[in-house]
Amino acid sequence: MFKSKVAMAVVWPLLVLLLSGSSRTVRAADDEHEYTVVEMRSLQLMNATCYGHKVTSPHNRTWLPLNLLHGPCSASSNDATPSLDDLFLQDQQRIGDIHWRLSDDGVGGNQGNRRPPGKISQTNVQNVPAAPFHVGNQQNTASSSKGSQLSIDPAATGGGGQSSLPGVVQMLLLDTASDVPWVQCVPCPIPPCHPQTDVFYDPTRSSTYAPFSCNSPACTQLGPYANGCVNNQCQYRVTYPDGSSSSGTYISDLLTINPTNAISNFQFGCSHVEQGRFDNQTAGIMALGGGSESLVSQTALTYGNAFAYCIPPTPSYKGYFLLGVPSVAASRYMVTPILRNPQVPTFYRVLLRDITVAGERLNVPASVFAPGSVLDTRTVFTRLPPTAYQALRAAFRSSMTMYRSAPPKGAFDTCYDLTGVGTVRLPKIALVFDRNAVVEIDPSGILYDGCLAFVPNRNDNMPGVLGNLQQRTIEVFYNVGGGAVGFRRGVC
């Protein structure tokens, strides 16, 4: 009996020790799956160094480098950190326009049906992605003028740094929520045009340039973007949510992506007059929306009505844009259907079903997400239905109790004082889309300037908008012809 008690006295502490060690191991494993430890310097809004691509560039025949404007990886960088107030204003104007166009009052998306535009923003720090395209066919030599210098990024030309491609490089904003591509064209006095880093495209120097006549099918099909006729040349006009606009002649010319891929007779706006303020680092906008005028629709037969991009985590890295279907196994994507409204074909909407925080679903009622969410490259911060946002905020706050809270910053109401903090332990956040497509957000899309980087809509009846901050490091593949969007994490 005495021996038995001794044995139990020895075995019991060992058993407790083993069990407690096992418990700590399980908790550590759970913690690894539910939280991520991030170095604060990796979330810095601005860094003086461009580190290039974080991963090997994809082997795709239509690949182009992509960067965030005004960072060290852009053609003409500056050190100004984007103002939160400017970004909130820019976003709010754009969000308001998307909501209006999808509302009962604005259905149809025609520019004539649009609500009065907002006040023109005076900021040119946009925090949005852009990529270089070659426009026109003028041949260039080493002795050519500045307009012939095509070297923007060695990655765009196979690493050589000097391009032999025809035309002039034009850095264009990538816009998934507009339909008409355009670039500034000579003559383009400043004002009403804006200064740009790239040389101006001069159609008279390109033998493949052709304006559309007013009775041409391309002109008659412009619909709400048609703007009359001048000297039997078709005129266009595009307006944007902040009240800015571009107008000029609707033309076609050669668009070159790389040495093996060029698009003949590409249709776009040749902009001679602008209203408002456009970014000096860009020459125009590459529209990627679902309308018939966009790059994607024009090239559907050649490139399969598909495109993809990966936006880098910060302006200190590069991402990419590609036209066509990526050469990646379909099994590597989380796939969800595209919701299309025939009356507003521009937008790509997806259906959010739930959100997870630290591995736990919020169990938001399905009706809250019923209006869908628009994917938009030019909105920065994701907008959620208020019911979903409140659940997200509560779960996030309960996971961040070890950090001291800070006053709100504009539309951000959940902020922390991380002064002197080297690393931060963030709960993992994932968006759960229709068909159980679970997409984990990169830490750069969770915390912005020390705050939870989501904003609520005014009510649950408004569609959400998935901004570019929450899309970062993820390859977003738009299989427009197949009616689906695929997400692949950790790509750039």
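The values are calculated or read from the model by the stated rules, or taken from the named source; none is laboratory data. These numbers were taken from a predicted model, which means no experiment stands behind them. Note that we place each Cβ from the backbone using ideal geometry, even for glycine, and neighbour counts take in every protein chain shown. Each accessible area value is taken on the protein alone, full model and side chains, heavy atoms only, with ligands, DNA and RNA left out. Shrake-Rupley method; radii C 1.70, N 1.55, O 1.52, S 1.80 Å.
Could you work out the percent of alpha carbon pairs in segment 164-220 separated by over 17 Å, rounded to a whole number?
Percentage above 17 Å: 55.
Any idea how far the Cα center of segment 249-286 sits from the one of segment 376-390, in Å?
For segment 249-286 versus segment 376-390, the Cα centre distance is 30 Å.
Once the Cα atoms of segment 286-357 are picked out, what are the Rg and Dmax in Å?
Just the Cα atoms of segment 286-357 yield Rg and Dmax of 14.4, 41 Å.
Please list 373-386, 264-277 highest first by mean number of surrounding beta-carbon atoms within 10 Å per residue.
The packing order, highest mean first, is 373-386, 264-277.
Loop-only check: which chymotrypsin sites (Phe, Trp or Tyr not before Pro) in segment 442-492 are DSSP coil with at most 12 other Cβ within 10 angstrom?
Nothing satisfies the criteria.
When ranked by the protection proxy of mean other Cβ atoms within 10 Å per residue, highest first, what sequence do the peptides 204-214, 253-263, 290-300 form?
Put in order of decreasing packing, that is 290-300, 253-263, 204-214.
Defining a contact as two alpha carbons under 8 Å apart and six or more residues distant in sequence, what relative contact order in percent does segment 340-429 show?
Over segment 340-429, the number comes to 27 percent.
Name the residue from Val344, Gly304, Ala287 whose Cα lies farthest towards the positive end of the charge dipole of segment 269-368, charges +1 on Cβ of Lys and Arg and -1 on Cβ of Asp and Glu.
The Cα lying farthest towards the positive end belongs to Gly304.
Ignoring ligands, DNA and RNA, please state the percent of accessible area on segment 317-466 from carbon and sulfur, probe 1.4 Å.
It is 49 percent, rounded to a whole number.
Tell me the Rg and the Dmax, in Å, that the Cα atoms of segment 386-488 produce.
15.2, 49
Using a 1.4 Å probe, what is the accessible area per residue for segment 302-369, in Å²?
Ligands and nucleic acids excluded, the result is 38 Å² per residue.
Distance between the C-alpha centers of segment 471-492 and segment 305-337? Whole Å please.
Taking the Cα centre of segment 305-337 as reference, the centre of segment 471-492 is 5 Å away.
Please work out whether segment 200-261 counts as rounded, prolate or oblate from its C-alpha gyration tensor, where a ≥ b ≥ c are the square roots of the eigenvalues and a/c under 1.5 means rounded, while otherwise a/b larger than b/c means prolate and anything else oblate?
oblate
In terms of the Cα gyration tensor, with a ≥ b ≥ c the square roots of its eigenvalues, is segment 420-467 rounded because a/c is under 1.5, prolate because a/b exceeds b/c, or oblate?
Oblate is the answer for segment 420-467, as a/c is 1.5 or above yet b/c matches or exceeds a/b.
For segment 405-461, what is the accessible area per residue in Å² when the probe is 1.4 Å?
39 Å²
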